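FYI, it's all coordinate maths here, none of it is from the lab. In this text, all values refer to a predicted model and were calculated from it rather than measured experimentally. Positions of Cβ are backbone-derived with ideal geometry, glycine not excepted, and every protein chain shown enters the neighbour counts.
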Amino acid sequence: MPQATIVVPAYNVERTLPATLASLRAQTHRDFEIVVVDDGSTDRTAAIARATGDRRVRLVQQPNRGLAGARNTGIQNARGVYVGFCDADDLWRPGKLAAHVAHLEAAPHVGLSYCGSELIDEAGQPLGLSQTPRLRDVTAAHVFKRNPVGNGSAPVMRRAALDAIAWRPVAEPHRDWWFDETFRQSEDIECWLRLALTTDWEIEGVPGLLTRYRIAGGGLSAGIAAQFAAWERMVDKLRPVAPGFMERHEPAARAYQLRYLARRAVSAGQGRQALDLGLRSMALSRRPLIEEPVKTGTTLAAAAALHLFRKLPLRAATLSRAGA
């Protein structure tokens, strides 16, 4: 049996899947398998997975169930004692799996190991941005407020930790769920936070930007309202699990989430939306400003500047037409 399984949820990704699989097959730690879950694709996704000629790559096909459903199918089919996740448009650095396996082998109390991420564009070129999270002494409050795991291609988990949070919904006759398939967004942080709130497994990171996380065109501005609604639904789901925890941390966590969405809006060039989100964040809690003054201050300043300077050309053109 392979020591590790890398689960690759894949839906109509014929353009990016070859590079993703190449990065995974190039891992310096060799004792692994790759489970590609074709989630009802209508393009050449399945054919690309079959054509690798690598016996470590297994293809599982299913009708479309969404990202959470594809991950669950991958976990169900995983044979490794460690299970990593890589979305089919992201990349892993060659030493990523080795770093996580070494971490988990040396720290039997850790159930989820993660790393920082370099952000890349659609062509795979660096954007000059990165996710450099907290790596040690991570509590449930850190996961709730700042999600140090960062994205769904960063973690490698111990299978025993995954099984500690598994459940089978009444309407699901075939397999357990680890990720909640009723979520189309925020399904990853819901999983990490549920692990932190309901088990004794710890969450820790390893140094380095070992994941290359692709930002698709339009992805920064798309669905900001929907993402916040999904986050709120996640909070509603987990509130009964830890009501006291939620009462203490929910205002600050909501403020951090709004700040995150404000930063997304800035990156997408949406100055007015970014400023509105930033001001809403500050109105809810000053924790982001107290705990991370530089990041919060630059977010607010960038939002205000973008909003102001986006309005200036329009104002100048209006004055010109009016003869001012």
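Annotations for the structure displayed:
- The local environment of C115, defined by Cβ-Cβ distances under 9 Å, has a net charge of +2 under the rule Lys, Arg +1 and Asp, Glu -1.
- Global geometry of region 4-217, whether rounded, prolate or oblate, following the gyration tensor of its Cα atoms and the 1.5 cut on a/c: rounded
- Other residues within the sphere of radius under 13 Å centred on the Cβ of Q62, judged by their own Cβ, net out at 0 (K and R +1, D and E -1).
- The chain, helix-only ellipticity at 222 nm - DSSP H runs n ≥ 4, -39,500 (n - 2.57), divided by all residues, nearest 500: -14500 deg cm²/dmol
- Prolate/oblate/rounded label for region 1-76 (Cα gyration tensor, a/c 1.5): oblate
- Part-to-part distance (alpha-carbon centres) for region 91-118 and region 171-249, which is given in Å: 19 Å
- Sequence of T139, T5, T16, T28 once ranked by neighbouring C-beta atoms within 10 Å, starting from the fewest: T28, T139, T16, T5
- Listed peptides 45-53, 161-169, 178-186, 7-15 by packing density, highest first (mean Cβ within 10 Å): 7-15, 178-186, 45-53, 161-169
- Scaled to the globular estimate 2.2 N^0.38 Å, the Cα spread of region 173-308, given as radius of gyration, is 1.16.
- Protection-proxy order for peptides 58-65, 193-200, each taking the mean of Cβ atoms within 10 Å per residue, highest first: 193-200, 58-65
- Near T139: Cβ cut-off under 12 Å, other residues only, Lys/Arg at +1 and Asp/Glu at -1. The net charge is +2.
- For I34, the residues whose amide H sits under 5 Å from its own are I6, V57, R58, ignoring neighbours fewer than 5 places away on the same chain, with H placed 1.01 Å from N.
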